[in-house]
1. Amide H to amide H under 5 Å from residue 211: which residues, 5+ apart in sequence or cross-chain, H placed 1.01 Å off N in plane?
2. When only alpha-carbon atoms count, how far does the chain stretch along each of its three principal axes, as whole angstroms with the largest first?
3. What is the gain in length, in nm to one decimal, between residue 86 and residue 50 on full extension, counting 0.36 nm per residue of separation less the C-alpha to C-alpha distance?
4. Tally Lys and Arg at +1 and Asp and Glu at -1 over the other residues with C-beta under 15 Å from the C-beta of residue 36: what net charge comes out?
5. For segment 3-54, what is the relative contact order in percent, using Cα pairs closer than 8 Å and at least 6 residues apart in sequence?
6. Give the calculated FRET efficiency between residue 29 and residue 253 to the nearest 0.05, with a Förster radius of 51 Å applied to their Cβ-Cβ distance.
7. Restricting to DSSP loop positions (anything but H, G, I, E, B) with no more than 12 other Cβ atoms inside 10 Å of their own Cβ, which trypsin sites (Lys or Arg not before Pro) remain in segment 176-262?
8. Between residue 302 and residue 14, how high is the FRET efficiency from 1/(1 + (r/R0)^6) when r is the Cβ-Cβ distance and R₀ = 45 Å? Nearest 0.05.
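No value in this document is a laboratory result; all are computed from the given coordinates. No experiment lies behind these values; they were computed from the predicted model shown. Cβ atoms come from the backbone with ideal geometry, glycine included; neighbour counts cover every protein chain shown.
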Amino acid sequence: MASFIPRKGPGGRRVWQAHIRRRGYRPQVRTFDAKAEAEAWAATIESEIARGVFVSRAEAESTTLREALERYECEVVSGKKSKGQTSIIKWWAASALGGRSMASIRGKDIADTIKIKAAESGSSPKTILIYLATLRHMFNIAAREWGMESVRNPVDLVRKPRLPQGRDRRLVGDEHGRLMTAAQAYGGEIGPIITWAIETAMRRGEIAAMRWEHLDRKAKVLLIPETKNGTPRRVPLSTAALGVLDGLPRRLDGRVWGMRPDSISQAFERVCGAAGIEGLTFHDLRHEATSRLFEKGLNLMQVAAITGHKTLQMLKRYTHLRAEDLVGMLGL
């Protein structure tokens, strides 16, 4: 039988300490504000022990979310190239849940807390999903590797925001010709970079980080050692892509391009303005390039190997095939 002992708590108020001792199990002790809460907890634990399904909650009850997050950052995140998770971890640790025990956090607590993030500077659904994904992974690690099997992942109980419909902007009509004419008039590297983006489906940051030492001219392949997903990949180069490289001078610092990611976007915006093209971003060229790969007859796995997309769902968000371009493939 469980025993309940009154104790003096913070501020001199009375609290109740529940004790459960069973042969073959470590003593279970927990403190509650009310005796009824202590009795309910003890009844649950004793029932689980009797049914042989008891899993100790001691680790989860003695570890705060902040402590778990610090361990997660040290053991899991520190080995990753992505630095974005560090700020996410700090946000959760500094939240109202930081001082709560892992065992006490419910789905409702996380839902209420993430609403604060949603209100901060109008955080997008994608940002909210990233914050929830980081916390969810931490709880999974705690359950699998840190002796907190008793904790059900509370993030699984939170309703996730729906992502907006993926962009479907592609070059239409004579926009490609107008874009290249304006880029040539603008001068500098933006024209070759636009062509390169359409031929390779590479991201803006990947393009800006290109180095000559990563080019295998004989194999017609470019190595991208660091990608958004943290996995290196090799991009096959078309004749047009190789032609772009052949027309570039060699820089002393080993970089292929002198432009940084932000300057690429700024130059592209000015070129679009000069060409009279509205609603087109530099990232839309990745949409364009990916769609063209499918239109050339490549299958999903082949396209994914080139673009670096990890899932079919993500690949679909960047791929928008035009029905009129598929007619010839139907054999009608």
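1. Sorted by chain and number, the residues that satisfy this are 256.
2. 83, 52, 40
3. Stretched out fully, the residue 86 to residue 50 stretch lengthens by 8.7 nm.
4. So the surrounding residues net to 0.
5. Relative contact order comes out at 27 percent.
6. According to the calculation, E is roughly 0.20.
7. 217, 218, 250, 251
8. Approximately 0.05, to the nearest 0.05.
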